[in-house]
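Let me begin by presenting the structure, written as structure tokens, before commenting on it.
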Amino acid sequence: MPYLLIAMLSLTLLSGCQSAYYSAMETVGVHKREIMVDRVEEATEAQQDAQQQFSSALEALKALNQFDGGELEAAYNNINDQYEASSEAAEKVNSRIAAIEDVADALFDEWQNELSLYTSNKLKRQSEQKLNNTKASYRRMLSAMHRAEQKMTPVLNTLRDNTLYLKHNLNAAAIGSLQGEFNTLQRDIQRAIADMQAAIAESERFLSTLNNKA
């Protein structure tokens, strides 16, 4: 990467000014549409990672339910690791969604403003219709992402509760007490995974719309 580009990006990141960041990227030929595509793909990847992590957490709870003797400290450490990894995965999804919202605002504002530059009414109408279609697809995608995001909260709450309970009650009776939480956690994880899959499907449709393939 050219040193000039690195310097420009460093300055914009330090300033925290997203508009300056987009301007800097455009000077090297990277436009908001491309950034949007990249961020949607990154959010999709983060959701896929979260699906896998939540499934791993569920497997860890299954193993805990079948605990029949052994090192209780190891059981706690395993559940704690799963909680921390799940929390990190959820935070990554949250930040990726926020990044999409930021570039979407900039992209749609620019697109709307540039409609006034057309001299051809026909091309203006076509561009405006494409903008409206893209916005509608974006809203569906974002709504699906936020639904999935919200479904992660009860999963993390249950994992945290389980982790805290084990931490302060390292005995077989404590593990028995947590078995009643398993069915609820399993249901919540399945719902979260299903909603993330729906969000991923909406992301694919949005990218298709953005790239003039739908």
Residue in segment 161-182 that is assigned to a helix (DSSP H, G or I), under 18 Å from residue 51 (Cα atoms) and at pLDDT 85 or above present: no
Some residue of segment 146-153 being open to solvent by less than 20 Å² (accessible area, probe 1.4 Å) and in a helix (DSSP H, G or I): yes
Subset tally (residues that are in contact with a helix residue (DSSP H, G or I) (Cβ under 8 Å, 6 or more places away or on another chain), without any contact (Cβ under 8 Å) to a residue 24 or more places away in the chain, in a helix (DSSP H, G or I) and open to solvent by 60 Å² or more (accessible area, probe 1.4 Å)) for segment 115-136: 2
Residue within segment 64-76 that is on the phi < 0 side of the Ramachandran plot, open to solvent by 70 Å² or more (accessible area, probe 1.4 Å) and assigned to a helix (DSSP H, G or I) present: yes
Candidate set from segment 17-63 (those that are basic (Lys, Arg) and surrounded by 13 or more Cβ atoms within 10 Å (Cβ to Cβ)); member that is modelled with the highest pLDDT: 39
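Looking only at segment 183-202, how many residues end up being of a type in the set (S, T, N, Q) and modelled with pLDDT of 85 or more? Let's see the steps before the verdict.
Our first condition is that a residue be of a type in the set (S, T, N, Q); within segment 183-202, this holds for 183-184, 186, 190, 197.
If we keep only those that are modelled with pLDDT of 85 or more too, we end up with 190, 197.
Count: 2.
The values are calculated or read from the model by the stated rules, or taken from the named source; none is laboratory data. What you see is a predicted model, and the numbers here were worked out from it, not measured in a lab. Quick reminder, even Gly has a Cβ in these numbers, built from the backbone with ideal geometry, and neighbours come from all protein chains shown. Just so you know, the surface numbers come from the protein's heavy atoms only, side chains and all, with ligands and any DNA or RNA stripped out. Shrake-Rupley method; radii C 1.70, N 1.55, O 1.52, S 1.80 Å.
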